[in-house]
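**Q** Take a look at the following structure, please.
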């Protein structure tokens, strides 16, 4: 069960440790329940102050942990070191950031290697806003009926989503 003292101790530990503190897997739910209970009985000024301080501590704990997770993401992508003590919601955040970072690094490596990016002609079926291609070039915006030559990897994604179709050369 979460108490004000528990929140104070967790915040102190998070601030003074490089690693993530071990929290109950249902910490967020318990913290929210504690705050709801505290709010229901916060009638006196002293209780209101404790409630606001408790809210601040929960927010502080989560912000510290988010910064640590962002840092661990870079470490993981570079070295494969998996951080410990993540709550399920944090693990999901971590996995999403890792995937996006790895995708970005793959695209960046194509640009840095000087590899020639293969282009494909497509006809747009849907409106597409401006986007950055795998070659880091700017493309779009496009509206239905537009025909353009874009990087093949980007074209495949857009075709799979039904936003455009390949235009075959008649040569």
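Since every read-out is calculated from the coordinates, none of them should be taken as a lab result. Only a predicted model underlies this, so the values are computations on that prediction, with no experimental measurement involved. Counting neighbours? That spans all protein chains shown, and the Cβs are built from the backbone with ideal geometry, glycine included.
**Q** What is the helix-to-structure angle for 4-15, meaning the angle in degrees between its Cα long axis and the longest Cα principal axis of the chain, kept from 0 to 90 and rounded to the nearest 10?
**A** Once rounded, one gets 50 degrees.
**Q** Sort out for me the Cα centre separation of the range 142-169 from the range 55-92, rounded to whole Å.
**A** 38 Å
**Q** Shifting gears a bit: Determine the equivalent ellipsoid of the range 116-166 by diagonalising the alpha-carbon gyration tensor, then write out the semi-axes as square roots of 5 times the eigenvalues, largest first, rounded to whole Å.
**A** They are 16, 12, 9 Å, listed from largest to smallest.
**Q** Report the extension gain between residue 147 and residue 29 in nm, rounded to one decimal, defined as 0.36 nm multiplied by the number of residues separating them, less their alpha carbon distance.
**A** Extra length available between residue 147 and residue 29 comes to 37.4 nm.
**Q** In addition: Sort 87, 32 so that the residue with the fewest other Cβ atoms within 10 Å of its own Cβ comes first and the one with the most comes last.
**A** By the 10 Å Cβ count, ascending, the order reads 32, 87.
**Q** Beta carbons within 10 angstrom, averaged per residue: use that to sort the peptides 121-128, 94-101, highest first.
**A** The densest-packed peptide leads the list: 121-128, 94-101.
**Q** Using 7 Å Cα-to-Cβ label points, what is the residue 8/residue 100 separation (nm, one decimal)?
**A** Rounded to a tenth, the inter-label distance reads 3.7 nm.
**Q** Counting alpha carbon pairs within less than 8 Å and at least 6 residues apart, what relative contact order, in whole percent, applies to the range 39-171?
**A** It comes to 17 percent, rounded to a whole number.
**Q** OK, next. Taking the Cβ of each residue in 41, 64 as the centre, tally the other Cβ atoms inside 10 Å and list the residues starting with the fewest.
**A** Least to most surrounded, the residues fall as 41, 64.
**Q** Could you list 153, 160 so that the one with the fewest beta carbons within 10 Å of its beta carbon is first and the one with the most is last?
**A** With the fewest neighbours first, 153, 160 line up as 160, 153.
**Q** Which option, (1) 28.9, 76; (2) 24.3, 82; (3) 16.3, 54, is the value of Rg and Dmax of the Cα atoms in Å that was calculated from these coordinates?
**A** The calculated read-out lines up with (2).
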